[in-house]
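Single-structure report; data block below.
The values are calculated or read from the model by the stated rules, or taken from the named source; none is laboratory data. What you see is a predicted model, and the numbers here were worked out from it, not measured in a lab. Cβ placement follows ideal geometry from the backbone for every residue including glycine, while neighbour counts extend to all protein chains displayed. Side chains are part of the model used for accessible areas, which takes the heavy atoms of the whole protein and leaves out ligands, DNA and RNA. Shrake-Rupley method; radii C 1.70, N 1.55, O 1.52, S 1.80 Å.
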Amino acid sequence: MALPQLLHSPPSPSPSSSTSLISPKPQLNPARSFLSPPRRRRPNPLSCAASSFPEKHHTNPKSDYAAELPLFPLPLVLFPGAVLPLQIFEFRYRMMMHTLLHTDLRFGVIYTDASTGTSDVGCVGEVVKHERLVDDRFFLICKGQERFRVNRLVRTKPYLVGEVTWLEDRPSAGELHDLDALAGEVESYMKDVIRLSNRINGKPEKEVQDLRKNLFPTPFSFFVGSTFEGAPREQQALLELEDTAVRLKREKETLRNTLNYLTAASAVKDVFPST
């Protein structure tokens, strides 16, 4: 599930992240399939500048533990718990898949684009299903696991391998009750955005069912971020945050702004039905 267009959101607390403004036409994005990563562009040679979620947030390894991880730059952001389909045909990544299928089936997805380069925070993708095609291409279904930060590149050929440390949210200043209340507010905004988007697009205005599905606040905040398709820089900013409350507040503000836009668009449509 993807939410419709996102409007202005609060400034990122990370200097490496930037806010993305999306086309004002509200729409639900189709499922994504990425054929190969874009050509990699890095400003620094030593460091990288519908979802299924578990009941509880996946437990990360110790955050100070360093490990080596194959890296796959893509023009998208993978969140913990999110499901990602991939089709692999580029030779170096076919080589990577041959190696992974004989090891632990895990690699790092890192966001990259032509203007900002490659991010240093990404998410582990674990292969949960794969199909090897006759021409040696691979079709994969991956699920997001731990987040990580790239400390340095171990090698760049035939594919990237980085030394990474694991990231997890720090305890929030508020109590769990406050986080639950905040998550409830975010869910309410999501329901309103989906309802108004369906109305504008001429779809039946069915009551939106439970979106949170008993998720704890942290995995729910990742789920919300995964629905912001079409705004990868904003998604990257959310992924990099290490405070659940801050992430939920930022998502709430983004959804509020989106709802304000959709409310205005719906009013215009009522007055001028043909527009």
With respect to the cross-link table entries Lys191/Lys269; Lys206/Lys269; Lys143/Lys203, which display a Cα-Cα separation exceeding 25 Å?
Lys143/Lys203
Label the stretch 91-185 by shape, choosing from rounded, prolate and oblate, from the square roots a ≥ b ≥ c of the eigenvalues of the Cα gyration tensor; if a/c is under 1.5 it is rounded, and otherwise prolate applies when a/b is larger than b/c, oblate when it is not.
prolate
Just the number, please: carbon plus sulfur as a percent of the accessible area of the stretch 60-112, 1.4 Å probe, no ligands or DNA/RNA counted.
59
Taking the stretch 183-235 and dividing mean pair separation by its residue count, relative contact order in percent (alpha carbons under 8 Å, at least six apart):
29
List the relative contact order of the stretch 165-275 as a percent without decimals, with contacts defined as Cα pairs under 8 Å and 6+ residues apart.
40
Please compute the length gained on full extension between Asn201 and Ala114, using 0.36 nm multiplied by the number of residues separating them and subtracting their Cα-Cα distance.
28.1 nm
Cross-link partners of Lys252 among aspartates and glutamates (Cα-Cα below 15 Å; sequence separation of 8 or more within a chain)
Asp178, Asp180, Glu185, Glu187, Asp192, Glu234, Asp243
Where does the stretch 70-125 land on Rg/Rh, using Cα atoms and the Kirkwood Rh?
0.96
Considering only protein heavy atoms and a probe of 1.4 Å, how much of the accessible area of the stretch 141-214 is carbon and sulfur, as a whole percent?
47
In whole µm²/s, the translational diffusion coefficient that Stokes-Einstein assigns to the stretch 187-275, given a Kirkwood hydrodynamic radius over C-alpha pairs, 4 °C and 1.567 mPa s, equals 91
To the nearest Å², the heavy-atom accessible area per residue of the stretch 145-275 with 1.4 Å probe amounts to 46
Averaged per residue, the 1.4 Å probe accessible area of the stretch 61-135, protein heavy atoms only, in Å², is roughly 43
Could you give the nm distance between label points at Val268 and Val208, where each point is 7 Å from its Cα heading toward the beta carbon?
2.1
Identify the GluC sites (Glu not before Pro) of the stretch 84-186 meeting these criteria: DSSP loop state and at most 15 other C-beta atoms within 10 Å of the C-beta.
Glu90, Glu175
